[in-house]
Amino acid sequence: MYYCILFAKILSEIFIMRTAALITGGAKRIGKEICIFLAKKGFDIALHYNSSEQEAKKVSREVKRCGVDCKLFKYDLSNPNKISVLVSKVFKQFPQCSILVNNASVFKDSLFNNITIKEFENDFRINFTSPFFLTQQFSKYESCSMVINIIDTRVSKINTSYFAYNISKYSLYKFTKMAAKQLAPQIRVNGICPGDILPLAGLDQSYLSKRSKRLPVKKVGSVSNVIKALDYLMSNDFVTGQCLFVDGGEHLI
Ligand SMILES: NC(=O)c1ccc[n+]([C@@H]2O[C@H](COP(=O)([O-])OP(=O)(O)OC[C@H]3O[C@@H](n4cnc5c(N)ncnc54)[C@H](OP(=O)(O)O)[C@@H]3O)[C@@H](O)[C@H]2O)c1
């Protein structure tokens, strides 16, 4: 029996080329859970990271325990100039890569009055310019069928704190719809707009519990809520250009 299973596995490795997913910022937090979810679904994982090498290696081991392959790709998204090189490296490893999840992001407070060009450009490059060019480069490959952008419920409001972050995410929100139109019918492009899911460094779950009292659903969200939205967007092939608000109703208040 054991040899039959082993033989079947070897045959499938030879004859069935598994598909893969590229997840940016996949070493930690929401990105890590997306990697593990997609690995459990049978995707090989192209895990992008920037500074979190140790965490990326740990996630890679966890992904491999799901029976799929995982390769790590280090790249600083504040410099989008070599994104085509990054994407071609991914396709060299995984020629059948089909999903791109633009998850990496920088969330820094900035005020209109004193933000510098350097700070503004840094936020914009990581949160918008890089997802834009990753999508552009990714879409050139025949196997590409889906792009998911992780946005933010903040795009539903006019909020002047985190000024540059908010503008970069507004851009990503509109881009999601424009790209869905541009890249149809081959590629579906959708977004997820999370509310409070994980606390920032230095804050704990009690901070989110307090904040949840203002939400229509009066409870704290979790990464599994984001994953369920991802699962839905992946499975429903009649949906494109949608941005799902996974925020306990925060966009309504
Ligand atoms: N957490 C929430 O509650 C929440 C709420 C609303 C929206 N979101 C959105 O959901 C997504 C994931 O949230 P998160 O809190 O898990 O994200 P996060 O921890 O703030 O950041 C995710 C990853 O982005 C990567 N990153 C940052 N700067 C980079 C750079 N210059 N080059 C390449 N990668 C860079 C980092 O990779 P390294 O660690 O490898 O450097 C980091 O691990 C983000 O798009 C965020 O805007 C999250």
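The values are calculated or read from the model by the stated rules, or taken from the named source; none is laboratory data. A quick note: this is a predicted structure, and the numbers were derived from the prediction, not measured. A quick note on method: Cβ atoms are made from the backbone with ideal geometry, for glycine too, and the neighbour counts reach across all protein chains shown. Accessible surface areas use protein heavy atoms only, side chains included; no ligands, DNA or RNA. Shrake-Rupley method; radii C 1.70, N 1.55, O 1.52, S 1.80 Å.
Listed values, structure above:
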item	result
Filter result (of a type in the set (Gly, Ala, Ser) and either in a loop (DSSP other than H, G, I, E, B) or surrounded by fewer than 19 Cβ atoms within 10 Å (Cβ to Cβ) (or both)) within the range 124-139	SER139
The range 69-94 - residue that is within 16 Å of the ligand (Cβ to nearest atom), in a loop (DSSP other than H, G, I, E, B) and not polar (S, T, N, Q) and, of those, least open to solvent (accessible area, probe 1.4 Å)	LEU77
Which listed residue, of GLU121, GLU142, is of a type in the set (D, E, K, R), assigned to a loop (DSSP other than H, G, I, E, B) and farther than 17 Å from GLY241 by Cβ	GLU142
The range 155-182 - residue that is free of Cβ contacts under 8 Å to residues at least 24 places away in the same chain and open to solvent by 30 Å² or more (accessible area, probe 1.4 Å) and, of those, farthest from the ligand (Cβ to nearest atom)	GLN182
Residues located in the range 22-68, provided they are touching an Asp or Glu at 6+ places or on another chain (Cβ under 7 Å) and part of a helix (DSSP H, G or I)	ILE36
Filter result for the condition that a residue is open to solvent by less than 30 Å² (accessible area, probe 1.4 Å) and either on the phi > 0 side of the Ramachandran plot or not in a helix (DSSP H, G or I) (or both), over PRO185, PRO216, PRO199	PRO199
Test: residue in the range 104-112 that is of a type in the set (S, T, N, Q), within 16 Å of the ligand (Cβ to nearest atom), surrounded by fewer than 23 Cβ atoms within 10 Å (Cβ to Cβ) and under 19 Å from the mean Cα position of the chain (by Cα)	no
Among residues of the range 219-253, those that are within 19 Å of LYS169 (Cβ to Cβ) and not in a helix (DSSP H, G or I), counted	11
Residue that is nearest to the chain's Cα centre (by Cα), among those in the range 18-37 that are open to solvent by less than 10 Å² (accessible area, probe 1.4 Å) and away from the ligand (no atom under 15 Å from the Cβ)	ALA21
